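Novice: The structure under discussion is supplied below as structure tokens; questions concerning it will follow.
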Amino acid sequence: MRHTLAVLVQNQPGVLARVAGLFSRRGFNIESISVGTTEMPGVSRMTLVAQADEDELEQLTKQLHKLIDVLKISDITQDESVDRELALIKINAEPGNRTEVLQVVDIFRGKIVDVGDRSLIAEVTGATDKVEAMIQLLRPYGIKELVRTGKVAMVRGSKSIA
């Protein structure tokens with residue numbers, strides 16, 4: 001099963017490497033990771049997405065808790081949450097197909113953030129499925145370059161990881 005973990009860590013050099021190394025040593029692939037500072041000084045939040053069964057997740061969580069920089073871990077997979085991802089997509093956009101590309105971007109409420117003679121850069125934000133769907137529809141036009149942030153997620157309502 002794919003799990004989404006929200007992990008609060010001390011904002012120190014090397015913390016990301018230690019967390020990623022733990023996953024690697026245990027043979028788990030991190031499908032998505034996003035890290036940024038929080039409202040709390042000196043604390044960062046990681047949103048990690050990884051494939052694991054319940055026993056494997058329990059072991060990962062126990063190992064993460066042993067890392068001195070890890071403050072709190074919450075599996076938010078089953079919680080009602082808001083999640084988003086950002087992608088920038090550079091697409092071949094010749095004069096003959098530019099209108100079609102613009103229509104696809106518009107359908108997904110994306111934005112064109114750069115225009116070149118033969119390419120466009122589109123920005124799309126939304127749930128991972130939405131981002132993936134737009135990418136698949138743009139593939140036939142030729143994707144020159146693609147970058148994605150990874151998922152960020154927050155539990156709905158008054159519940160908080162902090």
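Novice: Starting from the Kirkwood Rh over alpha-carbon pairs, what translational D in µm² s⁻¹ does the stretch 88-162 have by Stokes-Einstein at 10 °C and 1.306 mPa s?
Specialist: It diffuses with D of about 119 µm²/s by this estimate.
Novice: On to the next question. Once every Cα of the chain carries one equal point scatterer and solvent is ignored, give the base-10 log of I(q)/I(0) from the Debye formula at q = 0.09, 0.11, 0.17, 0.21 Å⁻¹, two decimals.
Specialist: -0.38, -0.54, -0.98, -1.23
Novice: Which Cα, out of Val131, Met40, Ser119, lies furthest along the positive dipole direction of the chain (beta carbon charges, K/R +1, D/E -1)?
Specialist: Met40
Novice: Highest mean first, how do 141-151, 1-11 rank when packing is the count of other Cβ atoms within 10 Å averaged over residues?
Specialist: Per-residue Cβ counts within 10 Å, averaged per peptide and sorted highest first, yield 1-11, 141-151.
Novice: Have a look at Val131, Val35, Val82 and tell me which one the Gaussian network model of the chain (Cα, springs below 10 Å) gives the largest fluctuation.
Specialist: So, out of Val131, Val35, Val82, the one fluctuating most is Val82.
Novice: Still on this structure: Express in nm, to one decimal, how much length is gained between Lys144 and Asp55 on full extension, taking 0.36 nm for each residue of separation and deducting their alpha carbon distance.
Specialist: So the extension gain works out to 28.0 nm.
Novice: Got the relative contact order for the chain handy, in percent, Cα pairs under 8 Å and 6 or more residues apart?
Specialist: About 28 percent, as a whole number.
Novice: DSSP loop (so not H, G, I, E, B), at most 12 other Cβ within 10 Å: list which GluC sites (Glu not before Pro) in the stretch 1-79 pass both filters.
Specialist: When the GluC sites (Glu not before Pro) of the stretch 1-79 are filtered for loop state and at most 12 Cβ neighbours within 10 Å, Glu39 remain.
Novice: Per-residue ellipticity at 222 nm for the chain, helices alone: DSSP H runs ≥ 4 residues times -39500 (n - 2.57), over residue total, nearest 500 deg cm²/dmol?
Specialist: The per-residue figure over the chain is -8500 deg cm²/dmol.
Novice: Moving on to the next point. Given +1 on the Cβ of Lys and Arg, -1 on the Cβ of Asp and Glu, and no further charges, what dipole in debye does the stretch 8-79 carry about its Cα centre, rounded to the nearest 20?
Specialist: 440 debye
Novice: Using θ = phi - 60° and the Karplus form 6.51 cos²θ - 1.76 cosθ + 1.60, what ³J(HN,Hα) does each residue of the stretch 33-46 get, whole Hz, x for Gly and Pro?
Specialist: Calculated HN-Hα couplings, in order: 9, 9, 9, x, 5, 10, 6, 9, x, x, 10, 10, 10, 9 Hz.
Novice: Over the stretch 2-75, what per residue volume does the convex hull of the Cα atoms give, in whole Å³?
Specialist: Taking the convex hull of the Cα positions in the stretch 2-75, it is 76 Å³ per residue.
Each reported figure results from applying straightforward, stated rules to the coordinates on display, with no laboratory input. Quick caveat: nothing in here was measured; it's all calculated off a predicted structure. Cβ: placed from backbone, ideal geometry, glycine included. Neighbour counts: every protein chain shown.
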